[in-house]
Structure formats: structure tokens, C-alpha cells
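Data first, discussion second: the structure below is written as C-alpha cells.
The values are calculated or read from the model by the stated rules, or taken from the named source; none is laboratory data. On a predicted model such as this, the values are computed, not experimentally measured, just so you know. Here the Cβ is made from the backbone with ideal geometry for all residues, glycine too, and neighbour counts use every protein chain on show.
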Amino acid sequence: MVQHLKFYIDGSWVEPSQAKTRTVINPANEQALYDIALGNADDVNKAVVAARRAFESFSQTTREERIALLTRIIEVYKTRAKDLGAAVSDEMGAPLAFAEKMQVGAGLGHIVATLGVLKDYAFEETIGNAEVVREPIGVVGMITPWNWPLNQIACKVAPALAAGCTMVLKPSEYTPSCALIFAEILHEAGVPAGVFNLINGMGPDVGAAMSEHPGIDMMSFTGSTRAGIDVAQRSAPTVKRVSQELGGKSPNIILDDADFQKAVSGGVAHVFLNSGQSCNAPTRMLVPQSRMDEVMAIAKAVAGKTKAGDPRADDTQMGPVVNETQWHKIQCLIAKGIEEGATLVAGGPGRPEGYSAGYLVRPTIFGNVRNDMTIAREEVFGPVLVIIGYADDEDAIRMANDTPYGLAGYVSGGDKDRVRAVARRLRAGNINLNGVPNERTAPFGGYKQSGNGREWGRFGLEEYLEVKAIAGFN
């Protein structure tokens with residue numbers, strides 16, 4: 001068993017300050033993969049000291065120097081794509097082909113997009129007699145999740161580098177090795193010592209120490225709303241900027257003039273993507289009540305064709321969820337849906353047939369769901385879709401917005417003006433119309449308890465910049 005017992009601090013692989021480890025489990029077979037070292041406040045402080053020292057010089061680099069750096073990172077990243085894909089598949093259970101194409105590709109896509117933004121971004125502008133200058137905010141603490149690990153690491157690290165910031169990253173303890181490979185990529189690409197630092201550890205130890213540290217100027221967090229609240233509270237005494245991308249319970253409104261076969265099938269497939277472990281998954285499908293039976297039949301057919309199984313098998317479309325805790329949470333919510341009287345259309349409790357180990361969940365669909373049921377209110381974070389009937393467009397919009405979350409929304413219909421009108425009334429940060437995927441250069445982030453701040457493209461870069469007005473400059 002290969003162990004991962006060092007941290008990347010100040011350009012070197014260093015021993016942790018304590019001999020404390022955690023075993024990473026393969027969710028497909030429940031077998032141990034390796035141990036990782038767990039950091040503490042002392043490790044965080046060492047990394048912050050290195051990052052603050054590096055900031056003095058890295059913040060003064062030119063646009064051209066940072067363009068060259070991101071270009072080298074892209075080149076090295078491509079050479080490690082297979083390693084990254086295998087790590088993601090082993091650690092969080094994504095089917096290998098999906099991990100290599102989508103998980104690894106998402107990380108690369110954000111670095112490439114950031115490079116494009118950096119080439120043209122206006123860091124200075126004249127307003128009256130003042131020069132308005134956008135400067136790097138300083139040292140950034142980053143906490144990233146396990147569900148799209150490379151996507152979230154890249155969409156934080158790349159714009160921070162582009163802005164001239166230095167950083168300390170705590171990746172998820174469930175997906176640490178792909179983050180360690182990412183650190184190796186940055187090292188090989190020539191990121192200066194101290195600019196990027198990585199510490200593995202648990203949220204109450206490393207995450208809390210980062211949030212509270214006076215030497216960190218900003219916290220960028222992706223994860224649950226509960227943990228995001230904790231990060232914000234711990235960050236408040238030092239008045240650091242906090243950017244958060246949190247949970248979701250996204251509505252998918254299918255209007256009565258939509259292509260139902262396409263819209264329903266696409267919506268179901270989207271929920272099952274990544275085993276349902278996406279914060280923006282369209283997990284509440286809102287359909288005309290009069291067509292509930294038709295929708296349930298289409299959805300059931302899609303579920304029946306969705307193969308859940310071994311991530312390394314060629315025919316697997318859906319791997320396990322990430323860990324035992326998550327598996328049990330999903331099972332409890334499926335049981336709750338049955339208890340509360342929703343119609344079980346497909347799937348249900350337990351593992352798929354033929355599996356007695358691994359954290360596999362049956363692709364599950366509930367119909368005739370009310371918007372006040374537990375499965376319509378709580379984020380399941382698994383392959384569970386609820387179908388809710390509505391009376392008319394106003395009813396659909398009301399129920400879509402009746403949630404504490406506001407990360408994403410989806411609308412399908414034949415009349416483009418009507419689809420646009422519904423989209424404008426949804427209280428969420430990202431709306432997708434007629435199955436069109438997200439635009440990587442447009443902002444990503446949520447309303448309400450889905451977070452604050454934005455990632456991706458120009459908006460992601462600006463999260464890492466302070467604005468200075470120099471009056472009398474011109």
C-alpha cells in the first residue's frame with residue numbers, strides 16, 4: 001500500500017507536525033487504498049507563513065509571467081491526465097471513462113478558460129481623475145469537496161494564480177491523491193515556492209484553523225451549507241472575504257409544450273450523472289400534473305437502462321457514492337419518501353442486484369411528490385429524482401422558488417420567449433434552458449443558502465482581486 005504522508009509547503013514535500021493518519025477507502029469495494037497524513041493548526045501556520053512570504057514577490061509578477069505559468073501548468077496537466085482519472089475513480093467511485101473525460105476534463109477546462117480571461121482582463125481603468133486598480137487580495141485559503149475534486153481545485157487555484165495571489169489548499173479527505181498529483185503538476189510547471197501549499201486534514205482541524213487564521217485574507221469554500229456557515233462564522237472576527245459555493249435542490253420545470261421524451265430523459269440522466277453527487281443536479285422535476293403518468297413512464301425507462309456497478313467495468317454508467325455515511329443518508333431519505341407516500345417509480349432501498357459490498361445506490365425515482373415532502377426539501381446528494389406535479393406556470397414557478405437553496409434551475413419548453421420568461425423569475429444563480437450545458441466562461445454560484453460570490457471565467461478571477469482607487473493619478 002502506497003502511503004501519502006507528506007504535505008506540500010513552500011515548494012517542498014514536508015513531514016506533518018503530528019503523526020496522525022487516516023485511511024482512504026475505495027467506495028466500490030470498501031477496501032483500504034492508502035493512508036494520508038492529517039494536519040493541524042501548526043501545519044496551517046507553516047503554510048500561511050510561506051504563502052505570505054511568497055506573496056511579496058508573486059503579487060508583483062506581470063501578466064505575461066502569469067500567462068506563461070498557466071500555459072506550463074496546462075501542458076503538464078495533460079501529461080498526468082491518466083493518473084488523475086485513476087485517482088478520482090478509485091477515491092470517489094466515478095466510472096473510469098467518466099473520470100478521465102469529465103472529471104479530469106473539467107479541471108483542465110477551467111485552467112484553459114482562466115488563461116483566456118487573463119490575456120485580456122483590464123486590471124486598471126480610469127474613472128474621472130482616479131486610476132482604479134485591481135490587485136491580488138493576498139493569501140487565499142481554499143477548501144474543496146470530493147464530488148468534483150479537480151473541477152473545484154482548478155476553478156479556485158487557476159484564477160488565484162492569474163490574479164497574483166498565493167494560497168493554502170485543503171482538499172477533501174475523501175479524494176486526497178488527485179489533489180497531491182495536482183500539487184506535483186504545479187511543482188513541475190514551476191510555480192514558485194510558497195505560492196501554492198497543500199495540507200490534508202479534517203475540517204474541524206485544518207479547515208477551522210484556516211478560517212480563523214489572521215494571515216489568510218480570503219476563504220474560498222465549496223461544500224455543504226452547514227460547513228459553509230461554520231467557515232463564515234470562524235472567518236468573521238478577522239473580516240476576511242468569504243466566497244462560498246454550497247448546496248442545492250434545483251428545480252427542473254418542464255413546460256407543457258416541451259418535447260417530453262427529450263426533456264424528461266435528459267433530466268433523469270442528469271440526476272444520475274456522477275451518481276447524483278452534483279450540487280446543481282436537477283433533482284426536483286416539475287411537470288404538468290395532467291401528464292404525471294406519462295412522465296413517470298419515461299423516467300422509469302431511463303432508470304431501467306442505467307447500469308450501476310463497478311467503476312472499472314466498461315458498461316458501468318453509475319458508480320458508488322463516496323462513502324458509507326453518504327450511503328446510509330441516502331437510504332434513510334429513500335425510506336422517508338416511501339413512508340411519506342410518494343410513488344416509487346424505480347429503484348428503492350438497498351444495493352443493486354448482485355452487489356453485497358460497495359456503496360452502490362439503486363437509481364431511484366419518486367413520482368407524485370409534494371413539494372413539502374422531505375425528499376423534495378432536503379439535498380439527497382445521490383441518484384434520487386423526485387417528480388412534482390404543477391397546475392400552471394405560476395404554480396411551477398412558485399414551487400421552484402419554494403426552497404432555501406438557489407444554486408441552479410432548469411426550464412424546457414417549445415416557446416423560447418415563454419422559457420426565457422420563466423427562467424428570469426427563478427431565484428437561482430445558474431439557469432439552463434432546453435438542456436444546454438453551463439457556459440464555462442459565465443459565472444457559477446448561488447442565491448440564498450447556496451452561497452455567495454461567483455466562480456468561473458472573469459467573475460471567478462474578480463473574486464481574488466481587491467479594488468483600489470487612486471485619486472489625482474491622472
Within the stretch 16-27, identify whether any single residue is in contact with a helix residue (DSSP H, G or I) (Cβ under 6 Å, 6 or more places away or on another chain), at pLDDT 95 or above, surrounded by fewer than 16 Cβ atoms within 10 Å (Cβ to Cβ) and outside the structural domain of Asn274 (by TED's automatic domain parsing), and answer yes or no. no
The residue that is nearest to Ala400 (Cα to Cα), considering only those in the stretch 436-457 that are surrounded by fewer than 19 Cβ atoms within 10 Å (Cβ to Cβ) and among the basic types (Lys, Arg), is Lys448
Sole miss for Gly215 among (1) under 17 Å from Ile9 (Cβ atoms); (2) out of contact with any helix residue (DSSP H, G or I) (no Cβ under 7 Å at 6 or more places or on another chain); (3) surrounded by fewer than 24 Cβ atoms within 10 Å (Cβ to Cβ) is condition (2)
- request: Answer yes if at least one residue in the stretch 362-379 is free of Cβ contacts under 8 Å to residues at least 40 places away in the same chain and not hydrophobic (A, V, I, L, M, F, W, C), and no otherwise.
  value: yes
Exception for Asp259 within (1) over 23 Å from Ser278 (Cβ atoms); (2) assigned by TED's automatic domain parsing to the domain that holds Lys101 falls at (2)
Picked from the stretch 301-332 (must be in a helix (DSSP H, G or I) and under 23 Å from the mean Cα position of the chain (by Cα)), the residue surrounded by the fewest Cβ atoms within 10 Å (Cβ to Cβ) is Thr325
Output for Cβ contacts, cut-off 9 Å, separation at least six or different chains, first residue under 16 Å from Glu15 (Cβ atoms) and without any contact (Cβ under 8 Å) to a residue 60 or more places away in the chain in the stretch 33-49, second charged (D, E, K, R) and surrounded by fewer than 23 Cβ atoms within 10 Å (Cβ to Cβ), reads Asp35/Arg22; Lys46/Asp10
Val132 vs (1) in contact (Cβ under 8 Å) with a residue 12 or more places away in the chain; (2) of a type outside the set (Phe, Trp, Tyr); (3) in contact with a helix residue (DSSP H, G or I) (Cβ under 9 Å, 6 or more places away or on another chain): all pass except (3)
Taking the stretch 121-149 and keeping residues farther than 28 Å from Pro171 by Cα and not charged (D, E, K, R) leaves Tyr121, Ala122, Phe123, Thr126, Ile127, Gly128, Asn129, Ala130, Val132, Val133
In the stretch 446-473, anything at positive phi and either over 14 Å from the mean Cα position of the chain (by Cα) or part of a loop (DSSP other than H, G, I, E, B) (or both) is listed as Lys448, Gly453, Trp456, Gly457, Gly472
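Confirm whether Glu184 is closer than 19 Å to Leu108 by Cβ and either in contact (Cβ under 8 Å) with a residue 12 or more places away in the chain or outside any strand (DSSP E or B) (or both).
Numbers: closer than 19 Å to Leu108 by Cβ: yes; either in contact (Cβ under 8 Å) with a residue 12 or more places away in the chain or outside any strand (DSSP E or B) (or both): yes.
Judged against the criteria, Glu184 is a match.
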